[in-house]
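Remarks on the structure that follows.
The values are calculated or read from the model by the stated rules, or taken from the named source; none is laboratory data. Not measured: the values here are computed from a predicted model. FYI the Cβ positions are ideal-geometry reconstructions off the backbone, even for glycines, and counts take in every protein chain you see. Keep in mind that these areas ignore ligands, DNA and RNA; they rest on the heavy atoms of the full protein, side chains included. Shrake-Rupley method; radii C 1.70, N 1.55, O 1.52, S 1.80 Å.
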Amino acid sequence: VSTQSTGGGNVCRPVRGGAHGPLDLVFAELYLIMVIRSPPTNKKRKIKGTLIQNVRSLVDVYTSSGERRTRIIILSAAYLLHFTAFISFAGFLNMYLLGPPFNWETDKIGVVNTATSVGNFLLVLTVPLWRRIGVSEAVIGTVACGLCAAGFGLMSVATTFAMVMTGGMLKSGSGIAIALYRSRLSKLVKPTQYGQLFSILNSLECVANMVSSVVMIQIYQHTRHWFNGFAYTILVAMELAALVFTAVDGVLARRMNDMEANILIHSETDSIIEESDEGIIN
């Protein structure tokens, strides 16, 4: 579950009376943690015990054995880095284009935002085509992070409308990466752990929102006087780190698949030998 899909942020709106923000997401996450395990029952349960049980269930996702645990940690780190860069881009894009050297009108900025959203949507639709021609998810995710890094890098030095539009379109690969991270993580946990997994991802998105609003925007405001695109270079570093994590996960996934295939072959061979021995004895 995510705050966007469940409307969890609206849970807090009557209390706080404000627009969506980092605190809305934190409060919504606490709400989801309390209700995600099971529907209300007639029995009175202690809040402390329920909270501890839910925290343990979230921790269980990261305590699986073998390479699954390593891959979950790597993909979660990549997801956090990528989502932070994605949110930060949207957070200070308007300030970036409203100030010098652009000094654009809001209508012109709206064109960039619309083109970026449309490009994001169209690229996500191409994922089934990539899979059909045999491209692995790890390769798709790595390419998507590379496109985002290239887009952020171009935005950091952009001076014209064409450069901004190109950077925004390259950044559209973020939608593919987010979808693939969620898909790959869901394949590493049991079906009964899907709720805990997506609750964790929602927590990572809360962290990304807070980092974006508290840290990245402050960095932009304090560095735009001597290098207007410095904040975008930080986003490039984040995307490159996410790219490396995604590539490492692809290597681990192939090795894990090879190991599982070998185990399956050995088990089939052993069963054939056992059947042959039984036939000889009979």
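Return yes or no: is Ser213 hydroxyl-bearing (Ser, Thr, Tyr), assigned to a helix (DSSP H, G or I), touching a helix residue (DSSP H, G or I) at 6+ places or on another chain (Cβ under 8 Å) and without any contact (Cβ under 8 Å) to a residue 60 or more places away in the chain? Spell out how you get there, then give the answer.
Numbers: hydroxyl-bearing (Ser, Thr, Tyr): yes; assigned to a helix (DSSP H, G or I): yes; touching a helix residue (DSSP H, G or I) at 6+ places or on another chain (Cβ under 8 Å): yes; without any contact (Cβ under 8 Å) to a residue 60 or more places away in the chain: no.
Here the answer is no, as Ser213 does not meet what is asked.
If I ask for residues that are closer than 18 Å to Ala241 by Cα, touching a helix residue (DSSP H, G or I) at 6+ places or on another chain (Cβ under 6 Å) and without any contact (Cβ under 8 Å) to a residue 40 or more places away in the chain, which ones from the stretch 108-159 would you list?
Ala144, Leu147, Ala150, Gly151, Leu154, listed by residue number.
For the subset of the stretch 125-155 comprising residues that are surrounded by fewer than 19 Cβ atoms within 10 Å (Cβ to Cβ) and of a type in the set (A, V, I, L, M), which member is farthest from Met238 (Cα to Cα)?
Per the criteria, the residue is Ile133.
Among the numbered criteria (1) open to solvent by less than 40 Å² (accessible area, probe 1.4 Å); (2) within 25 Å of Arg182 (Cβ to Cβ), which one does Asn228 miss?
Only one criterion is unmet by Asn228, namely (2).
For Gln218, state whether it is at pLDDT below 85 and either surrounded by fewer than 21 Cβ atoms within 10 Å (Cβ to Cβ) or more than 18 Å from Ile74 (Cα to Cα) (or both).
Values: at pLDDT below 85: no; either surrounded by fewer than 21 Cβ atoms within 10 Å (Cβ to Cβ) or more than 18 Å from Ile74 (Cα to Cα) (or both): yes.
Spelling it out, it is not the case that Gln218 is at pLDDT below 85 and either surrounded by fewer than 21 Cβ atoms within 10 Å (Cβ to Cβ) or more than 18 Å from Ile74 (Cα to Cα) (or both).
For every residue, the table says whether it meets (1) modelled with pLDDT of 90 or more; (2) touching a Lys or Arg at 6+ places or on another chain (Cβ under 9 Å).
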{"position": "Gln53", "(1), (2)": "no, yes"}
{"position": "Tyr62", "(1), (2)": "no, yes"}
{"position": "Glu67", "(1), (2)": "no, yes"}
{"position": "Leu75", "(1), (2)": "yes, yes"}
{"position": "Ala78", "(1), (2)": "yes, no"}
{"position": "His82", "(1), (2)": "yes, no"}
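Filter the stretch 184-210 for residues that are free of Cβ contacts under 8 Å to residues at least 24 places away in the same chain and within 27 Å of Val139 (Cβ to Cβ) and give the result. Outline the logic, then answer.
Pass one, the stretch 184-210, residues free of Cβ contacts under 8 Å to residues at least 24 places away in the same chain: 186-187, 190-192, 194.
Answer for the stretch 184-210, where residues must be free of Cβ contacts under 8 Å to residues at least 24 places away in the same chain and within 27 Å of Val139 (Cβ to Cβ): Ser186, Lys187, Lys190, Pro191, Tyr194.
Residues are listed down the side, and each one gets a yes or a no for (1) part of a helix (DSSP H, G or I); (2) at pLDDT below 60; (3) under 30 Å from Leu98 (Cα atoms); (4) of a type outside the set (Val, Ile, Thr):
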position	(1), (2), (3), (4)
Phe227	no, no, yes, yes
Val236	yes, no, yes, no
Ala253	yes, no, no, yes
Met259	yes, no, no, yes
His266	yes, yes, no, yes
Asp270	yes, yes, no, yes
Ile280	yes, yes, no, no
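Would you check which residues across the stretch 109-124 are loosely packed, with under 13 Cβ neighbours inside 10 Å and within 30 Å of Phe227 (Cα to Cα) and list them?
Our first condition is that a residue be loosely packed, with under 13 Cβ neighbours inside 10 Å; within the stretch 109-124, this holds for 110, 114, 118, 121-122.
Across the stretch 109-124, the qualifying residues are Gly110, Thr114, Val118.
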